[in-house]
Amino acid sequence: MNSSQLIAFLPVICIAASAVIVMLTIAIRRHFALTCLVAGLGVLVSLLALMAARQQSPVYVTSLVRVDAYGLFAMALLLLAGLVVIVFCYDYFKDREGENEELLFLILTALLGGCVLVTASHFATFFIGLETLSVSLFVLVGYALGQSRSLEAATKYLVLSGVSSALLLMGMALIYSECGQLSFSGIEQYLAEQEIFNAMVLTGIVFIVAGVGFKLSLAPFHMWTPDVYEGAPAPVTAFIATVSKGAVFLLLLRFFLSGGGYSYVSMMTVITVMAVLSILLGNVLALLQDNVKRMLAYSSIAHMGYLLIAFIAGGNIESNFVVESVIFYLAAYFMTTLGAFGVVSLLSTPQAEAVELSSYRGLFWRRPGLATVFTFMLLSLAGIPLTAGFIGKFYIFAVGADAQLWGMLLMLIVGSGLGLYYYLRVIVVMSISQESGNYAGREAVLARVSSAVLVLLTLLLVWLGVDPIHLMNLIHGV
Amino acid sequence: MMLLALIAVLFFGGLAAFISERWHPAAPRWTALAALALEFVLVLLQYALTADQSSVWIADLKWPWISRFGIGFHLAMDGLSLSLVMLTVVLGFMAVSSSWTEIRHRQGFFYFNLLMCLAGTVGVFLALDLFLFFFSWEVMIIPMYFLISIWGHEDRTAAAIKFVIFTQVSGLLMLTAIIVLALIYHGYTGVYSFDYFKLLGMPLDAEVAFWLMLGFFVAFTVKLPSVPFHTWLPDAHTQAPTGGSVILAGVMLKTGAYGLLRFVVPLFPEASHQFAPIAMTLGAVSVLYAAVMAFAQSDLKRLIAYTSVSHMGFVLLGVFAWDLLALQGAVMTMLAHGISAAALFMIAGALQERLHTRQMGNMGGLWVAVPHLSAMALFFAIASLGLPGLGNFLGEFLVLLGAFKVNMLLTALAALVMILSPVYALIIMQKAFYGPLRLPHPIADFSRRDIIAMGLLVVASIWLGLHPHKVLETTEPSLQQAMQSSAVTGSTDEQ
């Protein structure tokens, strides 16, 4: 490994190092705020290291990892999301009894897994990254130990994640048995040489897509999502919804773009079915929810379905446009989801989460700032202009129209129509007048840092919705 | 710059109204009034500055916006948009006036939404970049949603959500069509563009053009609305607060008609020509069906809502006849209906504020109790039924005259409404204002503020009817140019 490779890999090393430092800090002195600070600084240092790594890219760091503009941008996205989650965690857990410090360590290891994932160019790093991420998440989901919901969610996630990893490994093994290659570029080369359709490789890819489908909570592998979203502490849910899903999706896209997966047309049919199912099931089931976290869980299933439209388009049109769309959509989705769960976590305590729709009654008049933030986030999820979510949706429409996926676009329109109903329902509930002060006792404590972050996210959301050209240019360079 | 100011004044006026509530609960409405007055001055100034200009486009502003996709911040104004912006401002005053005493809670947020809604509408009338147009199109929906869902009547939530879902889903169809247009342009030239003038006259495959036209058509006819997409309208109008109804009926419906005039036919002349018989049939059906439905209502606001559908059917008929007379009639109907429907909704709102009911069965004999209000109601009921000398008559007459040359049968059918509209107009008078008085206690008549507001609308309505050539002259160049541009591309394709 020469120096340029080392510099390119520096962000990942920084994250790993800060995980270790956090562990040592905890060993020396248990202090929650201090641990949060150290973890946050660690993430910031890694973000700085991205700048240095940018000079060196694109470069292969051994055959396992490829640091390029795509991977660096993805890492930046994950790290920023991680930073926001750390802030939410601080305000959420600061008054909780017991040992909360390890939480930060787990978030850092999960981030490490995510960063390895988005730079992976080899099945080994693919699997290691995914497992590092997943193992950290089991513990994070079950962190609020005293509660049965949280434990149930952790167990479910553990079992299903184990199954999906097994599927994934099986798929990798099948492909390896045929190609004799584990690196993405090697597989692509092998597939390019092959002229006839290879059933073994196809089966392998189907297994991999199924395994990844679990992580992305695509229908029909979505069963765990609402339970885990509901059971996990709100900041952790934000983490799962953004970092975990984003990293896995970006990896899948890279695997298909550089591993030649798009040459299998029948594979596209499978993914199309998954996308349609995700959009329909996600939106329809979200209609029935009275629990905000479950509703957001189903809506995230639908959003992953929308994102798959761009993914499918990759088979027909130039990959640059697809990558640009996916990254922009993910960036908008990250901001929006973090904001939405941020509001939920700000209204909650580890003992009692504000998940029932009824606890949002009259929020506009009780806590206007928080309600405004939530309204913007919901409007962005629904893809209404003046928010980044609209530009993201515009991208999906543009990519879908360019690839002439008319059926999928129709699904997107139907899904958006359904989506409006449940997003607006929350806004309606928030705007119902309620003068009685029976919530006074349950108001969550003042959380300055989280509120500041939420305001920042909202401003960013509107700014990107009105003037998205800067982010577009940034992504366009990727 | 003036065009930007037209939007900015309303936008910042809305923000100011929102903030000003902190100082005094009554401050927002004065702020809103001030913003509208400033807007009014700006529109007049714009008109005075450019009255002698010979070009069709009297003002133009073009800034780069999202250059990645060739999206520009392109605003322009011609006679058509000028008259519609004027209508928007006038009805903005009416909305503020009718909300003056009706809205007592959270006034800051109310006037904020009201002005945002107007800002979005003005944006729609001025935008000449298709992306910007869609942006404004969507931006005006959400404030209206808040107006209905927070300050509306008993069944407001369902009505508000229905309104948003109808307009949003149809809007997404239009977004798809807009994007496909830009992609086709990209295919020809290698660059993206959403600019109206660049997309205008672009050669299109007949089948593609038809589908794209349909995407726009659905979005605009939902907003217009026309049968079969009209079902959101009676609910939304009935549940909205008076100010919301005034804006919704007076201005927002016109954005649909404006879209048909500005975008559907000029962008897809061939496809529209092909589609015209169906569109005109829908128009004629709307005219008749909604008139019959109006007659069957017992809820005053619902009745007025259905008359809106009926009148807007004339606009659809006129636009797709694509004859200069019919087009002028359509524009005249848009303006005149804006005024008469707004006035009727204000009367219905005033009655609801006083009687706490919209059921005509609970009214009766009101002429004795509130003579001023009743006289106004009589005037606008008659305006709505199309009395010669008032704007509505002129608009409908011109539409029928122009459309007769194009499609005799449909025009003759639509003309039957001349029998139906007096029926529904007079039924309002009969049920609500004549007969024995049933009120247990006296109610207040129109205040001076109401009289002034209504008086303005009366003057406007008579002015449109007796002195129409000012409006016709202002809008004629743009209509003629639209007809020419679509005719030219039509003839070159035929060769």
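A few remarks follow.
- Checking each residue in segment B:59-97 for being away from chain A (no Cβ under 14 Å), over 17 Å from B:F40 (Cβ atoms) and in contact with a Phe, Trp or Tyr (Cβ under 8 Å, 6 or more places away or on another chain) picks out B:L61, B:K62, B:H74, B:A76, B:D78, B:L80.
- Only a single criterion out of (1) more than 10 Å from chain A (Cβ to nearest Cβ); (2) surrounded by fewer than 23 Cβ atoms within 10 Å (Cβ to Cβ); (3) touching a Ser or Thr at 6+ places or on another chain (Cβ under 6 Å); (4) under 25 Å from B:A291 (Cα atoms) is not satisfied by B:A219, namely (2).
- Looking across segment A:187-213 at every residue that is closer than 8 Å to A:G171 by Cβ and not aliphatic (A, V, I, L, M), the one that is surrounded by the fewest Cβ atoms within 10 Å (Cβ to Cβ) is identified as A:T203.
- The number of residues in segment A:122-150 that are among the β-branched types (V, I, T) and under 14 Å from A:L182 (Cβ atoms) comes to 2.
- Considering only residues in segment B:168-188 that are more than 10 Å from chain A (Cβ to nearest Cβ) and in contact with a helix residue (DSSP H, G or I) (Cβ under 7 Å, 6 or more places away or on another chain), the one that is nearest to A:P385 (Cα to Cα) turns out to be B:M174.
- Selected residue (criterion: surrounded by the fewest Cβ atoms within 10 Å (Cβ to Cβ)) from residues of segment B:134-167 that are touching a residue at least 24 places away in the same chain (Cβ under 8 Å), at the interface with chain A (Cβ under 9 Å from one of its Cβ atoms) and more than 21 Å from A:V429 (Cα to Cα): B:E138
- The residue list B:L420, B:L387 contains one member that is closer than 30 Å to B:V319 by Cα, of a type outside the set (V, I, T), touching a Phe, Trp or Tyr at 6+ places or on another chain (Cβ under 9 Å) and without any contact (Cβ under 8 Å) to a residue 40 or more places away in the chain, which is B:L387.
- When A:I384 is tested against (1) in contact (Cβ under 8 Å) with a residue 60 or more places away in the chain; (2) out of contact with any Pro (no Cβ under 7 Å at 6 or more places or on another chain); (3) of a type in the set (A, V, I, L, M), just one condition goes unmet, and that condition is (1).
- Selection of segment A:405-418 for residues being in contact (Cβ under 8 Å) with a residue 24 or more places away in the chain and within 7 Å of chain B (Cβ to nearest Cβ) yields A:L409, A:S416.
- Candidates B:H372, B:H356 - the one that is surrounded by fewer than 17 Cβ atoms within 10 Å (Cβ to Cβ) and modelled with pLDDT of 90 or more: B:H372
- Qualifying residue in segment A:235-251 (condition: more than 16 Å from the chain's Cα centre (by Cα), crowded, with 23+ Cβ neighbours inside 10 Å and in contact (Cβ under 8 Å) with a residue 12 or more places away in the chain): no
- Restricting segment A:376-392 to residues that are in a loop (DSSP other than H, G, I, E, B) and either surrounded by 24 or more Cβ atoms within 10 Å (Cβ to Cβ) or not hydrophobic (A, V, I, L, M, F, W, C) (or both), the residue that is nearest to the other protein chains (Cβ to nearest Cβ) is A:P385.
- Options A:Y421, A:Y395: the member that is of a type in the set (S, T, Y), part of a helix (DSSP H, G or I) and either more than 10 Å from chain B (Cβ to nearest Cβ) or over 16 Å from A:L287 (Cα atoms) (or both): A:Y395
- Within segment A:459-476, tally of residues that are at the interface with chain B (Cβ under 10 Å from one of its Cβ atoms), under 21 Å from the mean Cα position of the chain (by Cα) and free of Cβ contacts under 8 Å to residues at least 12 places away in the same chain: 0
- For segment B:107-116, the condition of being more than 10 Å from chain A (Cβ to nearest Cβ), outside any helix (DSSP H, G or I) and either of a type outside the set (A, V, I, L, M) or free of Cβ contacts under 8 Å to residues at least 12 places away in the same chain (or both) holds for none of the residues.
- Qualifying residues in segment B:186-216 (those that are of a type outside the set (S, T, N, Q) and touching a strand residue (DSSP E or B) at 6+ places or on another chain (Cβ under 9 Å)) - the one surrounded by the most Cβ atoms within 10 Å (Cβ to Cβ): B:F194
Rundown of residues vs (1) under 21 Å from A:F73 (Cβ atoms); (2) buried (at least 16 other Cβ atoms within 10 Å of the Cβ); (3) basic (K, R), yes/no style:
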| position | (1), (2), (3) |
| --- | --- |
| A:S18 | yes, yes, no |
| A:H31 | no, no, no |
| A:V43 | yes, yes, no |
| A:L48 | yes, no, no |
| A:A52 | yes, no, no |
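- When each of B:V417, B:V459 is tested for being of a type in the set (V, I, T), under 23 Å from the mean Cα position of the chain (by Cα) and buried (at least 16 other Cβ atoms within 10 Å of the Cβ), the lone residue that passes is B:V417.
- Every residue from segment B:1-50 that is of a type in the set (A, V, I, L, M, F, W, C), in a loop (DSSP other than H, G, I, E, B) and in contact with a helix residue (DSSP H, G or I) (Cβ under 9 Å, 6 or more places away or on another chain): B:A26
- Scanning segment B:117-132 for residues that are more than 11 Å from chain A (Cβ to nearest Cβ) and over 13 Å from B:L248 (Cα atoms) turns up B:A119, B:V122, B:V124, B:F125, B:L126, B:A127, B:L128, B:D129, B:L130.
- Boolean, B:F131 is part of a loop (DSSP other than H, G, I, E, B), in contact (Cβ under 8 Å) with a residue 12 or more places away in the chain and out of contact with any His (no Cβ under 9 Å at 6 or more places or on another chain): no
- Selection status of A:T225, buried (at least 24 other Cβ atoms within 10 Å of the Cβ) and either in contact with a Leu (Cβ under 8 Å, 6 or more places away or on another chain) or closer than 21 Å to A:F341 by Cβ (or both): yes
The values are calculated or read from the model by the stated rules, or taken from the named source; none is laboratory data. Just so we're clear, the structure is a prediction, and the values are computed from it rather than from any experiment. Reconstructed Cβ throughout: ideal geometry from the backbone, glycine too, with neighbour counts over all protein chains shown.
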